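Following: one structure in C-alpha cells, then a few remarks.
What follows is calculated from the coordinates using simple rules that are stated; it is not laboratory data. The structure presented is a predicted model; accordingly, all values stated were derived computationally and were not measured. Cβ coordinates were reconstructed from backbone atoms using ideal geometry, including for glycine residues, and neighbour counts include every protein chain displayed.
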Amino acid sequence: MNKAGALGWLLAGWVAGSAWAGPVTLTFDQSGLVPAAGASNPIGNFYAGGSVGGMTGPSDGATFGTFAQAVTASTSSNAGPANGLGVFLLLDSAATPSAPLTTTLTISPGFSGTLTFDWSARDNFTVNLFDAAGQLSSTTFAPSNTTISSPFSAWTNASLTTNGAVATRVSFVGGSNALFLDNIAFNLQGTPGGTVPEPGSTALVGLGLVAAWAVGRRRRLA
C-alpha cells in the first residue's frame, strides 16, 4: 500500500468512528407534541425519535424524564420568546403548587461547549450539568420583577458551559407549575444514540499519520 493509500485508510477509519458536532435546538413547537390549550403532553423521548400525539419526533438524542411536559405557549403568563407554539413546563399535577421537582434531560451520546435556554419562572430553580464521571456544575436562577398579577418573570436567556467536558445529562430542579423553558440548544457530539470516541482515538490517528509519513520518507531516500 502506498503512502496515499495508507493515509486514506487511516482517515476513513477514524472518520467512521469519530464524533461530529451538530447544533440542536429543542423548540417544543412540533405538531403532535403541542397539545390543545389547557392540556399537557409528556415530552419523554420525542426528541430521540419517539412518538407523541401520533407524530414521530426528530432524532436529536434528547430524552426527558418525569415531570417534563409540553404545553401551549399561551399557558404561560408570558408568551413564548421565539413566536413558537409550545414551551416546556415542569409539572406534576398531583403535587402541591411549587413543590420541588427534578426532571432529567439525557443527551446521547453527549454535548460539549454551551447549553443555552430561555426561561420564565415564579420561583428559584437550579440547573445541574453532569458528564459520565459525575456532576460538572450547579447553577441557581432567581426570577425578578414578579407580582401577584404577573407571578412569572419575563423570558430570559441563559447560557451554561461544560468547560471542555462532554456532558450527558442536565437536571432541572424547580417548583411544580413554576418553571417554563424554551429553545434548549446544545452541540450534539456524535450520532444520536451512538458513543463518543475514546480520547486516545485522535492520538492513534496522529501516530498512524506519522508512521505513514515515515514510510514514504524512507522510500524516497532509498
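Judged by the mean number of other Cβ atoms found within 10 Å, the most tightly packed of the peptides 89-96, 142-149 leads the ranking 89-96, 142-149. The length gained on full extension between residue 142 and residue 31, counted as 0.36 nm times the residue separation minus their Cα-Cα distance, comes to 36.8 nm. Each residue of region 153-158 was assigned a 3J(HN,Hα) from its phi angle through the Karplus expression (A = 6.51, B = -1.76, C = 1.60, θ = phi - 60°), giving 6, 5, 4, 10, 8, 10 Hz with x at Gly and Pro.
When you count the other C-beta atoms within 10 angstrom of each residue and take the mean per peptide, 47-54, 65-72 line up highest first as 65-72, 47-54. Highest mean first, the peptides 34-46, 168-180, 105-117, 129-141 sorted by other C-beta atoms within 10 Å per residue fall in the order 168-180, 105-117, 34-46, 129-141.
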